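The values are calculated or read from the model by the stated rules, or taken from the named source; none is laboratory data. Quick caveat, the model's predicted, so the values are computed rather than measured. Please note: Cβ atoms are built from the backbone with ideal geometry, for glycine as well, and neighbour counts cover all protein chains shown.
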Amino acid sequence: MVAVEKAGVPAVAIAARSFARAWQSCVDGWGQPGAAFVTIPHATTGQQADFIHKMVDEQIDDIIHGLTAIPPASGAARRKSKTTETFTVEMDETPEGLDSVNRFLAERDWSDGIPVIPPTPTAVEQMLKGTKRAPQDVLMVMEPGFGLATVEKIAINAVMAGCRPEQFPVLLAAIDCLAQPEMNHRDMQVSGHTEAPIILVNGPIAKKAGINFGTTAMGPGVINSANTAIGRALRLCLINIGYCNAGAGDPNFVGLPTKFGMCIAENEEVSPWQPYHMDRGFKRDESAVTVVTVTGPTTIIDPRSKNHEDTLNNIGSMMFYPHAGGGGWLRGRQSAQVGHTNKRAPYQGPYHPILLSPSRAVIMAEAGMSKQDAQEWLHQNCRVSLKSVLGTAEMPTAADGKWLHHPELQHLAEDPDATIPALESPEQYLLFVTGGSTHYANFFYGTYGIATSPVEDV
Amino acid sequence: MKLQIMSPAADRVDFKVPPAPRLAGLEGKTIGLYNNMTGGADIAVDRVAEHINKRFPGVKFERYGGDLRQGRPSLSRGNHIDDEEAARIATEVDAMIGATAH
């Protein structure tokens, strides 16, 4: 709505009360903290018309008033400085004194709620030794708050998360991924459903950074500290650089533990297939980070499969919950929107990461399947009814009645039994071999974009 | 012990968008109704239109969001109005009321 105000049109928005802080945070970032909005008690999704009418009826005077009177300015004050602010915090050995840095950060909403390592200038300086990039280099403008992601700010958050300098290039590469328009990081940040970035690491950097790619790698434990710290550091950046604070920039309806951070490397030593970054055009001895926005995961328990098709059928069963994104590609590609102009960037999505235990990959490889064969199998066998796809929303159609996207499939519209692949392309089944070698896989539902970036060799 | 710590909060790009001039009244105006195609948002803005129609006869409405006609702003679920669309909308309406499902 700020875009139409910018064009000179007075505007009023209607939003659910639980989104009021999110709305305010959003318009703060957009530079119009006084943008008019009126709240109603509940989200309108799934509500009957009578119920929505009643909610609107109660606010109609305020809605009309918003078009005729400029609302008072509110919202957060901006700060812009040439040097990074530093603060002095008193610590002592009392329980309160030990927690004083955490309380200081919490009072400013600069944390994920878990105690952090104090980001002292010395610790930040040490972190910066993990990269050749200059401290004031800006990797991206992070939304929704339009924060400048400088190398130094990222380093401060990395210290807080418990990262070590040798892990810092992985975090920087993850932020390079978010900077790519096809990542659609804005929607990842501000969406109301439970999604989070997962960081997938390939190449020699995994060992150098101490990232576990075996048993328990995404869980708690000392052997997983690099995974935990890198994933957490990205979340802290999303909060403190992107201003995606819980309940404000981040209006997620309930959240998920995955939002604290997810980072894992591929078990390239045991996998029978080529590493994932090679699928994305990198060489085996290069290092790369892929970030995907996902919700889930769901664990696929696969102890009774006797062959590769049983396993693939089991994985494919995850695709059959309604509204899993199946068939959406028929309406054309999704668009990310970037920056203050809302410029659109079409991208292919979703990508569903499937964290495959090496044992499951071996079952397929022993049957003679390459990774691409397995992806092709899933693409061909995970199908949705065309009738159901057409029933969910109107098709974009040209004046002559032809579908704007995939007109070659329009002749199937009258066939009640016609099906189409749930996803547009085989590679959207992102098979990533990792973890201990046993009869499990984790299926993540991809929601928005994907991007891969090289990791700096320091 | 005194500990010096660095702020983890980023500087922000300092956009400033002043509020658009408000209307003196709604009589004879054209009001845009924008929904972002999330569930029920269309019902909410349509209800607003019903109220305005009763209070201000002669007000016209232009709907945005979910409009798939050729040449119309193809605002769709989750998409925000971009600058180009906003400029076009400004030629078509005097004010805008928008709703999302959330």
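Summary of values
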| read-out | value |
| --- | --- |
| Criterion: more than 8 Å from chain A (Cβ to nearest Cβ), in contact (Cβ under 8 Å) with a residue 24 or more places away in the chain, surrounded by 15 or more Cβ atoms within 10 Å (Cβ to Cβ) and not in a strand (DSSP E or B) - qualifying residue of B:Asp46, B:Asp42 | B:Asp42 |
| Residues of the range A:393-404 classified as surrounded by fewer than 14 Cβ atoms within 10 Å (Cβ to Cβ) and not aliphatic (A, V, I, L, M), total | 4 |
| Restricting the range A:362-406 to residues that are among the charged types (D, E, K, R) and either closer than 23 Å to A:Thr311 by Cα or not in a helix (DSSP H, G or I) (or both), the residue that is modelled with the lowest pLDDT | A:Glu394 |
| Residue among A:Ala22, A:Ala76 that is outside any loop (DSSP other than H, G, I, E, B) and either at pLDDT below 90 or buried (at least 20 other Cβ atoms within 10 Å of the Cβ) (or both) | A:Ala22 |
| Candidates A:Thr94, A:Thr88, filtered to the one that is among the β-branched types (Val, Ile, Thr), modelled with pLDDT of 95 or more and in contact with a Lys or Arg (Cβ under 6 Å, 6 or more places away or on another chain) | A:Thr88 |
| Residues of the range B:8-31 satisfying the condition of being more than 7 Å from chain A (Cβ to nearest Cβ) and closer than 19 Å to B:Ile81 by Cα | B:Pro18, B:Thr30, B:Ile31 |
| Qualifying positions in the range A:88-107 - surrounded by 13 or more Cβ atoms within 10 Å (Cβ to Cβ), of a type outside the set (S, T, N, Q) and within 15 Å of A:Asn240 (Cα to Cα) | A:Phe104, A:Leu105, A:Ala106 |
| Selected residue (criterion: nearest to the other protein chains (Cβ to nearest Cβ)) from residues of the range A:200-233 that are in contact with a Gly (Cβ under 6 Å, 6 or more places away or on another chain) and crowded, with 23+ Cβ neighbours inside 10 Å | A:Arg232 |
| Verdict on A:Ser359 being farther than 30 Å from A:Pro396 by Cα, small (Gly, Ala, Ser) and in contact (Cβ under 8 Å) with a residue 12 or more places away in the chain | yes |
| Among the residues listed as A:Gly255, A:Gly261, the single one being buried (at least 21 other Cβ atoms within 10 Å of the Cβ), under 16 Å from A:Ile114 (Cβ atoms) and more than 14 Å from every other protein chain (Cβ to nearest Cβ) | A:Gly261 |
| Near pairs, Cβ below 9 angstrom, 6+ apart or cross-chain, from the range A:222-244 (part of a loop (DSSP other than H, G, I, E, B)) to any residue that is of a type in the set (Ser, Thr, Tyr) | A:Ile241/A:Thr150; A:Tyr243/A:Ser25; A:Cys244/A:Ser25 |
| Residue that is surrounded by fewer than 23 Cβ atoms within 10 Å (Cβ to Cβ), touching a residue at least 60 places away in the same chain (Cβ under 8 Å) and of a type in the set (Lys, Arg), where the choices are A:Arg284, A:Arg304 | A:Arg284 |
| Filter pass, A:Ile14 being more than 30 Å from the chain's Cα centre (by Cα), crowded, with 17+ Cβ neighbours inside 10 Å, of a type in the set (A, V, I, L, M, F, W, C) and within 9 Å of chain B (Cβ to nearest Cβ) | no |
| Count of residues meeting criterion [surrounded by fewer than 23 Cβ atoms within 10 Å (Cβ to Cβ) and of a type in the set (S, T, N, Q)] in the range A:429-452 | 4 |
| Members of the range B:50-65 found to be within 17 Å of B:Val93 (Cα to Cα), at the interface with chain A (Cβ under 10 Å from one of its Cβ atoms) and not in a strand (DSSP E or B), listed by number | B:Ile52, B:Phe56 |
